[in-house]
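For reference, the structure is listed below as structure tokens.
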Amino acid sequence: MRSTMMDEPLLISRLLGHAATVHGSADVQTWTGSGARRMTYAEVGVQAARLAHALRELGVTGDQRVGTFMWNNNEHLIAYFAVPSMGAVLHTLNIRLFPDQLAYIATHAEDKVVLVDGTLVPLLAKVLPELPTVEHVVLVGAGDADALARAGGGRVAVHTWAELLADRPDTFDWPRVDERDAAALCYTSGTTGNPKGVAYSHRSIWLHSLQVAMPEGFGLRATDRELAVVPMFHAMSWGIPYAAFMSGASLVLPDRFLSGAAIADIIAATRPTKAGAVPTIWLDLLNHLATHDVDLSSLREVIVGGSACPPALMHAFHDRYGIDVIHAWGMTEMSPLGSVSRTPAGAAGEQAWAYRYTQGRVPASVAARIVGPLGDVMPNDGEAVGELEVRGPWVTARYLGDDGPDPAKFRDGWLRTGDVGTLSADGYLTLTDRAKDVIKSGGEWISSVELENALMAHPAVLEACVVGVPDPRWDERPLATVVLCEGAAATAEELRGFLAGKVAKWQLPERWAFIEAVPKTSVGKFDKKRVRADYAAGTLPMTTLG
Ligand code: AMP
């Protein structure tokens, strides 16, 4: 029997229409450095319609790609809804990529129009000559239009957002596109080879938004105000903008103000109830809070993901500020949400904390399994360690432009995540490493993340990044690079003594380097490739213990 249910497509335009009417007085606030620019969701609806009319006039039809080269701000949010709703595909360009990677991505995606923040014009102008498919650039806010025109060399028409949207109708007749069509496009910040494109559908974004919004996800309600620090150019800001429009939660966007001091100002001024960002943002904030008195009283919960969240960070926010740090895991290929570490019923005290340290429980929509080196599926017993594989309605089945699934990344309909860890019988995922970052010492594996977490629990340590380096006897040994907190002191001997008893003796690093800052990737994660290269080049200030 077929169901009797309506086959109503799950479209982004519906999320926009819903928020702009039912939650019309909810708002987005973008930080300016000294206050916030506020816009209601009703106004976002109007501006989205105007942008869609403007893009049509520039010739955007069908599923053509509109790129964004922007911080998290009101106009980026408008594009998030206008572009997919009109049937085109939003392509969020990562502003931190190297110019040749940007040129590759924009050309591979065939971006026709690029929206650029005024403050980012110098970066875009550098690559514009290498973007042959781009016909129009729209300058958002104050910026050097002449520089863009020069870089475009007569091939690219330059417009300003304000002029382009002026005198346009306030409504748009959003097309009823196929829910399985692409709505948005992200490229993974892959470390080997060219970046790979992942095209999300209207349907996958909808289903993902339900998961993000639900209590076992980020738990968004119309009474919430979410500070989305995680970039809108990285994995769709974890889907927070779409989930906010679904649930009616208001948004706070930091624009380019991402330092610990700036985030502290933003929280004090805009009073968000929730927030989401990678661990380094919260470590910077903690560092700032050590010497500044800041009103964080509005904030109840922050979601931390993108890299392993050190337990010490969770305890610091919990004990000092009463803020729950909730650990989450995901990847660009997964829209990006995989798991969220909400504690199970009945867990309390230390047991609840043990659950919170994990990467979290996979939801109904994400099937997960652990696979051994020979492709054997391992038990979900919290012990068997292997590569995590996933499948689900918001997990990509292949990369854009590939004829089929690349066997290096997909196996029998599962995505190979490249993450190594365990799954427990009750569905909690614990990652020990990226497959390529596991340290192989004398035939045994050392988890770089475990060493990092243990080190970051030392009060003098701000950041610790551990990588495997070649060793003539053991094949590889851990190298610990450490950033100390401002004004703090600690020696390698002391830190090694601190680790003793927390990890097995044979895992204790001999090689140490105290550095100013851990190099970061384009999305704010520890850049372990760079650390290994710096070690190989002999540029690290090394201390070697006997
Ligand atoms: P990206 O596609 O850039 O978001 O990177 C996804 C990768 O980030 C994952 O495959 C993991 O290796 C890593 N990652 C994300 N969240 C976590 C987490 N909570 N703990 C450890 N690694 C994480």
Among residues other than Ser201 whose Cβ falls under 10 Å from its Cβ, what is the net charge (Lys/Arg +1, Asp/Glu -1)? -1
Can you tell me the alpha carbon radius of gyration of segment 317-369 divided by the globular rule-of-thumb value 2.2 N^0.38 Å? 1.27
In a shell of Cβ-Cβ distance under 11 Å around Ala460, excluding Ala460 itself, what net charge do Lys and Arg (+1) and Asp and Glu (-1) give? -2
Determine the alpha carbon to alpha carbon distance for each of Lys112/Lys525; Lys112/Lys520; Lys274/Lys525; Lys274/Lys436; Lys196/Lys502 and list only those over 28 Å. Lys112/Lys525; Lys112/Lys520; Lys274/Lys436; Lys196/Lys502
What whole-number value in Å² describes the accessible area per residue of the chain for a 1.4 Å probe? 41
Provide Thr521, Thr188, Thr491 ordered by accessible surface of protein heavy atoms (probe 1.4 Å), highest first. Thr491, Thr521, Thr188
Taking the C-alpha atoms of segment 40-201, convex hull volume expressed per residue in Å³: 107
Can you divide the C-alpha Rg of segment 140-180 by 2.2 N^0.38 Å and report the result to two decimal places? 1.72
Formal net charge of residues neighbouring Ala142 (Cβ-Cβ distance under 15 Å; K, R +1; D, E -1): -4
Under a 1.4 angstrom probe, counting protein chains only, how are Asp381, Asp437 ranked by accessible area, largest first? Asp381, Asp437
Output the direction-averaged projected area (hull surface divided by four) of the convex hull of the alpha-carbon atoms of segment 117-241, in nm². 11.2
Descending packing, highest mean Cβ count within 10 Å first, for 248-256, 67-75 is 67-75, 248-256
Cα-Cα pairs above 14 Å in segment 452-507: how many percent? 55
Alpha carbon convex hull of the chain, volume per residue in cubic angstrom: 168
Using a probe of 1.4 angstrom, how much of the accessible area of the chain is carbon and sulfur, in percent? 52
SASA check, Lys525, accessible area w/ 1.4 Å probe, all protein chains in place, rounded to nearest 10 Å², comes out at 60
Using a simple charge model, +1 on the beta-carbon of Lys and Arg, -1 on the beta-carbon of Asp and Glu, nothing else, what dipole does the chain show about its Cα centre, in debye to the nearest 20? 200
Calculate the all-directions average of the projected area of segment 439-544's alpha-carbon convex hull, and give it in nm². 6.6
In terms of Cα to Cα distance under 19 Å, which aspartates and glutamates are near enough to Lys409, apart from those fewer than 8 places away along the same chain? Glu333, Asp376, Glu387, Glu389, Asp419, Asp433, Asp437
Got the relative contact order for segment 40-201 handy, in percent, Cα pairs under 8 Å and 6 or more residues apart? 25
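The values are calculated or read from the model by the stated rules, or taken from the named source; none is laboratory data. None of these values were measured; they are calculated from a predicted model. Ideal geometry is used to build each Cβ from the backbone, glycine not excepted, and the neighbour counts take in all protein chains shown. Accessible surface is based on the protein model in full, side chains and every heavy atom, while ligands, DNA and RNA are left aside. Shrake-Rupley method; radii C 1.70, N 1.55, O 1.52, S 1.80 Å.
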